[in-house]
Amino acid sequence: MLPELGRQVTIFDTAQSDEGGSFDEIVASAWNAVRASIDRGIPALVWQPMTLEMKDEGIRAGAWGLLVGYDESDETYAVRHQYVDRGRETYAVRYDALGTVASANWFCVLVFDPPGESVEVAETHLRALRNAVAFAKDTRWPTTTGHHRGEARGLAAYPLWRDAFESGEAEPGYSQYHAHDLQVFRGHAAAYMRELVEVFPAAASLLQQAAGQYDRLVDTATTLHDRCAAAKDAGGFSEDARAEAAGLVTAALQAERDAIASIQAALAVLDVPE
């Protein structure tokens, strides 16, 4: 979707395990490109902007963050990340300390070129809505053989998760992590639906419905997260806790189905095929 938002992207992507020993060169090239981009007023996107010291201190900045500034005197980036003070304050990370925390030692920075051609804003949003429906139906991408046993995508993932609770296979720690992801991502979806109300006033009520249904999903995921955290502290799920967790997954599935149905109805009002 990034090119459709009017941005071309230069990707600096490497791992210390890559053959050819180009890791340090790519990291240094990214440092130069990011500084030039920030000087143009455009932040860069970075994977897992944290150090081993941060990890030891219990600070987690996993997934994506923003490089919003730099200091040449100590060769550090100024970083904002939603998991560190909710992104309200910056913290410093040396440019060559990125990509060293996870076992894969993966370094990835995305630098966005200046705006190119004008963007069809409405069409871009419509495609995002169509993508949401397609992802729920597992038609977003070609079917592939995943690396997880019994892998399922979209709405089909919920019954798989519920079965794992009911069978005793689901572990509290992993389930807590998954519930947290659901909280975060569907929270973003709710906010996005509300942003689209002004873009598509003809479908405003349906988009508001979708936002409320995603809110309901977030509330359910929050409860599930807390139950999994309690089970983790207790050393495992009790039978009653597993049954409750399975019920919460069922409730989350229904909220997701309702949200997708509202999005489909909004597309129909806008006379746009899925």
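Observations on the model:
- Tally of residues being open to solvent by less than 40 Å² (accessible area, probe 1.4 Å) and over 14 Å from Pro114 (Cβ atoms) across segment 1-21: 3
- Taking segment 190-220 as the range and being of a type in the set (Val, Ile, Thr) and either open to solvent by 50 Å² or more (accessible area, probe 1.4 Å) or at pLDDT below 95 (or both) as the test, only Val199 passes.
- Failed criterion for Tyr70 (all others in (1) surrounded by fewer than 15 Cβ atoms within 10 Å (Cβ to Cβ); (2) of a type outside the set (S, T, N, Q); (3) over 29 Å from His180 (Cα atoms) hold): (1)
- Count of segment 35-61 residues, restricted to those that are acidic (Asp, Glu) and touching a helix residue (DSSP H, G or I) at 6+ places or on another chain (Cβ under 6 Å), is 0.
- Selection of segment 246-269 for residues being crowded, with 19+ Cβ neighbours inside 10 Å and either of a type in the set (D, E, K, R) or modelled with pLDDT under 95 (or both) yields only Glu256.
- Residues being open to solvent by less than 40 Å² (accessible area, probe 1.4 Å), among the charged types (D, E, K, R) and more than 15 Å from the chain's Cα centre (by Cα) - total across segment 148-185: 0
- Cross-chain or 6+ apart pairs with Cβ under 7 Å, segment 133-150 first and acidic (Asp, Glu), then at pLDDT 60 or above and open to solvent by less than 90 Å² (accessible area, probe 1.4 Å): Asp138/Arg153; Asp138/Gly154; Asp138/Ala156
- Test: residue in segment 222-245 that is more than 24 Å from the chain's Cα centre (by Cα), open to solvent by 40 Å² or more (accessible area, probe 1.4 Å) and within 26 Å of Lys137 (Cβ to Cβ): no
- The condition of being over 26 Å from Phe185 (Cα atoms), modelled with pLDDT under 95, exposed (fewer than 14 other Cβ atoms within 10 Å of the Cβ) and among the basic types (Lys, Arg) does not hold for Arg86.
- Pick from segment 180-206, criterion of a type in the set (Gly, Ala, Ser) and touching a residue at least 40 places away in the same chain (Cβ under 8 Å), ranking: farthest from Gln254 (Cα to Cα): Ala202
- Residue that is modelled with the lowest pLDDT [pool: residues in segment 128-143 that are open to solvent by 80 Å² or more (accessible area, probe 1.4 Å) and not hydrophobic (A, V, I, L, M, F, W, C)]: Thr143
The values are calculated or read from the model by the stated rules, or taken from the named source; none is laboratory data. Owing to the predicted nature of the structure, the values given are computational and were not obtained by experimental measurement. When we count neighbours, we look across all protein chains shown, and the Cβ atoms used for this are built from the backbone with ideal geometry, even at glycine. The protein model used for the area step is the full one, side chains on, heavy atoms only, and it has no ligands, DNA or RNA in it. Shrake-Rupley method; radii C 1.70, N 1.55, O 1.52, S 1.80 Å.
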